[in-house]
Amino acid sequence: MTIAHAHQPTVRQGEWRRHRCAERATGVSAGLWNAREAAWRTQLAREEEEKALSEHVGWLDNFPLRELTSRNILRDGSKNVRNLRQLLDFFGVATPEVAENVWLGYQAAFRRSTVLSRNEYATATWLRLAEREARKQDCEPYNRAALTALLPRLRELTLEEQEIWTEELPRLCAQVGVALVFVPALTKTNISGATRWLNSDKVMVALSDRFKTDDQFWFSLFHELAHVLLHGKRLTFMDDRDNLSPTKQHEDTSEDEANAFAANVLLPPQFIAGYRKLAATRYLPLAAIETFAHTAGIASGIVVGRLQHDRIYDWSQGNSLKRKVTLT
């Protein structure tokens, strides 16, 4: 029984015999018949895929197509099968259903700091952009002690112009196992930063330019690094709130811990007495802020941000000392 079954022709064997018969009848080689058959089947598969995808073109309506075009994810903003296929390739999936199932797991993995109105599809796009960039980066294996020792040097970079720190921050972080990437904010994403372990030796820290000012940017950086240092390799975080609120309480204590960590890195304990004296100054002038910032070795805009969140300054005051941050 087994021997007889083993000698039964397979489908491929059956095709080969059929093509040999066609070869004898027409004089065209069996190899050419095989090639034509394969091409025909490939074409059928493409047509079936095209038909299946054409039923899902409306899925593109969920995305900010103009921004996807400007980021070179899509060729243009057209709603067609070509762009749908290109978007699926970007996410590394075959169908919209698979993409959304992946995102459900992705969103469950990320511990969000709060719940704000957002476009989940734009958020998924931003995270995918960040992860793709992070995976490209060559990093040394993660070294917690080395990252901790690096923090003062990273803090010093707050005094530099953007063209310097955009080069230095990723370079320095890569030396300790952190793939730091800058991804411009997408409309309605509300994300200031995200942290995700790509493997046990490499962690992604992604930052956006949602808030457009240096005080917010630097707080976001040290907030995300706090997650790396304090909260373990099994947890991932997506921070999508006004993260310059060191006194605000969150349901997830990890957010409060990250806020406190960032606040302490930017304004270490040895400068708190001077800060309190500054904050108690009546009719606080900008020159006094600049003098204190110089003493503390930090950008003046960061001090302004702290004063605003401590309600010493109104949100409209002191902003001339902040520097704009625009990522490209």
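Derivation of every value follows stated rules applied to the coordinates shown; laboratory data play no part. Nothing here was measured: the structure is a model prediction, and the numbers come from that model. Glycine gets a Cβ as well: all are built from the backbone with ideal geometry, and neighbour counts include every protein chain shown.
Computed from the Cβ-Cβ distance with R0 of 45 Å, the FRET efficiency linking residue 94 to residue 270 stands at 0.20. Label positions at residue 314 and residue 234, each projected 7 Å from the Cα along the C-beta direction, are separated by 5.0 nm.
Each peptide among 189-202, 315-328 gets the average number of other Cβ atoms lying within 10 Å of its residues, and from highest to lowest they stand as 189-202, 315-328.
In this label model, residue 120 and residue 69 are separated by 2.7 nm, measuring between points 7 Å along each Cα→Cβ vector.
Taking a point 7 Å from the Cα of residue 327 along the Cα-to-Cβ direction, the residues of the stretch 72-90 with backbone N closer than 16 Å to it are 72.
Taking 7 Å steps out from each Cα toward its Cβ at residue 54 and residue 161 produces label points 5.5 nm apart. In this calculation the C-beta distance from residue 136 to residue 282 is compared with R0 = 51 Å, giving a FRET efficiency of 0.45.
The listed peptides 254-265, 207-218, ordered by packing as a protection proxy, come out as 207-218, 254-265 (highest mean of other Cβ atoms within 10 Å first).
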